[in-house]
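Notes follow the structure.
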């Protein structure tokens with residue numbers, strides 16, 4: 001009798017034994033999906049091992065209901081990678097395996113190409129003049145596009161636009177099956193419009209020499225130095241060998257210019273993986289990638305788990321970006337896992353950034369990565385002039401001082417564009433009663449709501465819960481409710497009043513939530529002429545604004561004083577990225593910082609010596625204080641609704657660790673309430689573990705997790721482990 005060990009997508013660190021029917025024993029393989037009885041229901045699981053024996057009574061074992069796949073879903077390298085990831089992050093194997101496959105496969109759908117519904121022109125639609133649709137501009141635009149392309153994926157416009165054309169008999173939905181694409185036979189690349197400088201050429205040559213085996217590169221290039229051109233040349237060498245490339249970006253919606261350059265350069269199939277994809281389209285892309293029909297995959301962190309038939313290279317753009325770290329559930333870091341996958345697949349990996357993380361810089365310093373420097377800005381662009389405005393005692397209007405307003409006027413008068421950075425969305429961070437001091441707070445998080453004037457709502461920026469704005473104070477009945485503080489929405493409104501003849505574009509999570517909104521903003525900005533951009537850190541994400549000559553950083557002081565030891569690093573990265581948007585090509589740039597602390601040492605190092613000098617100084621400070629990357633951390637989270645079980649649970653962990661380990665190098669901090677002590681109705685606590693040896697910390701965590709699994713009290717609350725946390729507060 002054959003026994004199959006099956007991993008299920010549940011929060012338990014164990015697999016389950018099932019009997020394999022004798023007539024199906026020859027069909028069973030590790031990595032296949034199976035349908036099994038589990039409790040009172042049936043579940044989809046993945047086989048992790050087979051054996052002739054079980055530690056349980058065979059008479060009590062249930063049988064597998066169905067073997068879903070003919071072959072394993074994962075290659076040998078992918079299987080090794082996912083098992084390593086589950087072990088390193090101490091996360092249940094079943095959850096990790098299911099994270100790596102599309103939703104439809106998790107539901108038990110066949111791993112086979114299915115018909116895809118697309119909109120196609122009817123005969124009437126092919127011949128009609130789009131000018132007849134002048135009353136509906138969106139329908140007119142869509143029809144013109146389809147008359148060029150014949151068919152489109154239904155995610156390109158809103159459903160209402162498609163159905164409007166359908167009701168007129170101009171388009172219809174048609175089912176198609178994607179044909180196999182042998183792109184390797186006809187690889188063509190369009191010539192680059194940019195000439196390489198010596199540093200770019202040297203970087204490309206260094207990468208080319210390591211194409212056929214694992215090698216790690218840090219492409220450290222100042223903003224505007226042409227890192228994307230190096231990526232494109234590296235990818236070209238890979239696809240000319242018939243291999244595939246994976247490119248990870250922080251956020252797909254924020255990189256339309258980069259993606260456009262990929263499509264212009266290569267005539268090969270490119271899959272863009274993002275959260276707005278339909279599940280059918282996602283499954284199709286997953287299968288095509290697995291079959292080798294996709295040459296280049298561009299996506300956010302979850303694209304790391306795409307299956308490749310012949311992977312040749314991994315590129316992590318903006319490797320320092322915090323969005324590569326998953327903050328809920330399985331808290332993996334895509335950059336770090338990408339390095340492991342590259343080693344297992346034996347392919348080169350490129351980490352690119354103008355502001356590399358301190359961990360990455362330290363690895364380059366230790367010669368684990370080859371450090372490639374791009375210090376020259378493309379074209380004739382010069383480094384921007386940088387100035388600090390001391391705003392002590394000055395009157396601020398929506399955060400703007402008069403000296404900054406005067407400089408905005410100067411740059412606009414020269415027909416240039418201005419970018420203002422404020423990392424606080426909404427109209428105001430507080431709504432307060434002027435008469436009694438009552439503050440509108442989210443009851444689920446005990447934190448103030450943010451006032452959003454355009455939506456006429458209060459929104460909690462911690463749990464995203466909205467509520468209507470009250471007509472009067474619930475405490476004293478006063479109708480005198482006033483917003484306190486300022487955000488991007490208020491700044492945008494004030495600028496429209498100051499400069500009524502100048503277009504103002506606000507780019508933050510609220511303004512670009514609709515599909516295509518960011519592209520519309522970028523198109524308007526890139527047409528040139530006077531323009532003011534207002535935005536959050538989204539503006540730092542690699543956009544090219546040729547006519548921006550002034551960058552104003554409205555409020556820097558919040559980042560200068562924080563209990564988080566990574567706060568200065570994050571500020572230095574954002575400042576360097578944002579300031580790099582000022583002055584490109586033949587236009588001189590200027591960067592202005594407003595602060596109440598003009599003598600702060602961090603500001604002076606950044607302005608006078610640059611990011612590299614800051615990073616070296618910060619690494620020295622981290623080494624002296626034994627903080628990462630010179631030690632290794634894990635944060636244990638615990639949360640419950642009554643604020644009783646979580647602290648007790650963490651104290652139990654402390655007692656267990658102290659009784660089982662006498663290692664003086666193991667440092668414990670806590671238990672302590674999280675900085676945001678309550679979120680979505682849960683009271684949150686944490687315990688920090690730190691050790692100078694990664695392997696030793698991993699061993700401690702492994703034993704701890706096994707112990708916790710047997711504790712009854714662990715079932716009374718939510719708990720999780722964050723290995724290598726980015727935020728320890």
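A short reminder: the numbers here are calculations on the coordinates, not readings from a lab. Here the structure is a predicted model, which means the values were calculated and not measured. Cβ sites come from the backbone with ideal geometry, for glycine too, and all protein chains shown count toward neighbours.
Just round it to a whole percent: the fraction of Cα-Cα distances in region 232-274 exceeding 16 Å.
Pairs farther apart than 16 Å: 35 percent.
Expected output is a single nm value to one decimal: the length gained when fully extending between residue 190 and residue 435, i.e. 0.36 nm times separation in residues minus the C-alpha distance. What is it?
Length gained between residue 190 and residue 435: 81.5 nm.
List 17, 87 from most exposed to least, where exposure is judged by having the fewest other Cβ atoms within 10 Å.
Exposure proxy ranking, most exposed first: 87, 17.
How many angstrom separate the Cα center of region 230-294 from the Cα center of region 86-145?
Spelled out, the Cα-based centre of one part sits 15 Å from the other.
Simple spin-label model, 7 Å along Cα-to-Cβ: residue 267 to residue 103 in nm?
In this crude spin-label approximation the distance works out to 3.7 nm.
What percent antiparallel are the DSSP beta bridges of the chain, to the nearest 5?
55 percent
Once the piece of chain linking residue 123 and residue 141 is laid out straight, how much longer is it, given 0.36 nm per residue of separation minus the C-alpha distance between them?
Here the segment from residue 123 to residue 141 would lengthen by 4.7 nm.
At 0.36 nm per residue, and after removing the present C-alpha to C-alpha distance, how many nm does the segment from residue 711 to residue 201 gain when stretched out fully?
Between residue 711 and residue 201, full extension yields an extra 177.7 nm.
With a 10 Å Cβ neighbour count serving as the proxy for reagent exposure, in which order, fewest first, do 476, 460, 71 appear?
Least crowded to most crowded, the residues run 71, 476, 460.
Which FRET efficiency value, to the nearest 0.05, is calculated for residue 397 and residue 514 with the Förster distance at 25 angstrom and r the Cβ-Cβ distance?
Efficiency for this residue pair is about 0.25.
Please state the relative contact order of the chain as a whole percent: Cα pairs under 8 Å, 6+ residues apart?
11 percent.
For residue 468 and residue 260, FRET efficiency with R0 = 35 Å and r from the beta-carbon atoms, rounded to 0.05?
Calculated transfer efficiency: 0.30.
Would region 588-729 count as rounded, prolate or oblate if I go by the C-alpha gyration tensor, calling it rounded below 1.5 in a/c and otherwise prolate when a/b exceeds b/c, oblate otherwise?
oblate
Once you put a point 7 Å from the Cα of residue 167 and another 7 Å from the Cα of residue 328, both along the Cβ direction, what distance in nm separates them?
With each label placed 7 Å out from Cα toward Cβ, I get 3.6 nm.
How do 411, 320 line up, fewest other C-beta atoms within 10 Å first?
Lowest count first: 411, 320.
Using Cα pairs under 8 angstrom and six or more residues apart, how large is the relative contact order of region 632-723, in percent?
47 percent
Round to a whole angstrom and tell me the spacing of the C-alpha centers of region 536-612 and region 667-688.
That distance is 31 Å.
Which distance in nm do the two modelled labels at residue 613 and residue 526 give, with both placed 7 Å along the Cα-to-Cβ direction?
Modelled inter-label distance: 3.5 nm.
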